[in-house]
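Asker: Here's a structure for you.
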């Protein structure tokens, strides 16, 4: 697997005037990070992809377990993801922080984020 590499701001970038390409486990890690930041319904041609943030966290009382279940489903739907070793999510001061250990066909990787 190959994809355009992105930096911490999720922007593509160049090195020596050339676009940087991510492959293998790094490409799949980037794809996992991006699916975790995608709100379900925001992609015009794939409205069923992403995380249902409105239903699980942003409306009413946050449901961290429902968020985790939706996130696991979204991650496992990606080609190349073979399993999830661990998933931890914590809600503190209106910020949900998560860490996921993911198995892929290229090896293991970890993604971290907050909402």
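Asker: Just to confirm the number: angle between the C-alpha axis of helix 64-76 and the first principal axis of the chain, 0 to 90 degrees, nearest 10?
Answerer: Computed tilt is about 30 degrees.
Asker: Pick from 61, 88, 101: which residue has the top mean-square fluctuation in a GNM of the chain where Cα pairs under 10 Å get a spring?
Answerer: Among 61, 88, 101, the largest mean-square fluctuation in the Gaussian network model of the chain belongs to 61.
Asker: Sticking with this structure for a sec: So if we plug the beta-carbon distance of residue 106 and residue 86 into 1/(1 + (r/R0)^6) with R0 = 25 Å, what FRET efficiency do we get, rounded to 0.05?
Answerer: 0.85
Asker: Calculate how steeply helix 24-36 sits against the longest principal axis of the alpha-carbon atoms of the chain, using the helix alpha-carbon long axis, and give the answer as 0 to 90 degrees to the nearest 10.
Answerer: 30
Asker: Along its principal axes, what span do the Cα atoms of the chain show, with the longest given first and each in whole Å?
Answerer: Cα extents, longest axis first: 48, 30, 27 Å.
Asker: Let me check against my output: what whole-number percent is the relative contact order of segment 2-114, with C-alpha pairs under 8 Å and at least 6 apart?
Answerer: Computed over segment 2-114, the figure is 18 percent.
Asker: Taking the chain as a Gaussian network, Cα atoms linked when under 10 Å apart, which of 99, 37, 86 shows the biggest mean-square fluctuation?
Answerer: 86
Asker: OK, next. For residue 72 and residue 9, compute 0.36 nm times the residue count separating them, minus their Cα-Cα distance, and round to one decimal in nm.
Answerer: Once the chain is fully extended between residue 72 and residue 9, it gains 20.3 nm.
Asker: Continuing with this model, one more query. Please label the shape of segment 40-86 as rounded, prolate or oblate, based on the square roots a ≥ b ≥ c of the eigenvalues of the alpha-carbon gyration tensor (a/c under 1.5 means rounded; beyond that, a/b larger than b/c means prolate, else oblate).
Answerer: Since a/c reaches 1.5 but b/c is at least a/b, the shape of segment 40-86 is classed as oblate.
Asker: Additional query: Would you compute, from DSSP H runs of 4+ residues alone, the mean residue ellipticity of the chain at 222 nm, taking -39500 (n - 2.57) per run and dividing by the full residue count, rounded to the nearest 500?
Answerer: -7000 deg cm²/dmol
Asker: Still on this structure, I have one more. So for 13, 87, fewest C-beta neighbours within 10 Å to most, what's the order?
Answerer: Sorted ascending by nearby Cβ count, the order is 13, 87.
Just so you know, all these numbers are worked out from the coordinates, no wet-lab data involved. Predicted model only: the values in this text are computed from it and were never measured. Cβ atoms come from the backbone with ideal geometry, glycine included; neighbour counts cover every protein chain shown.
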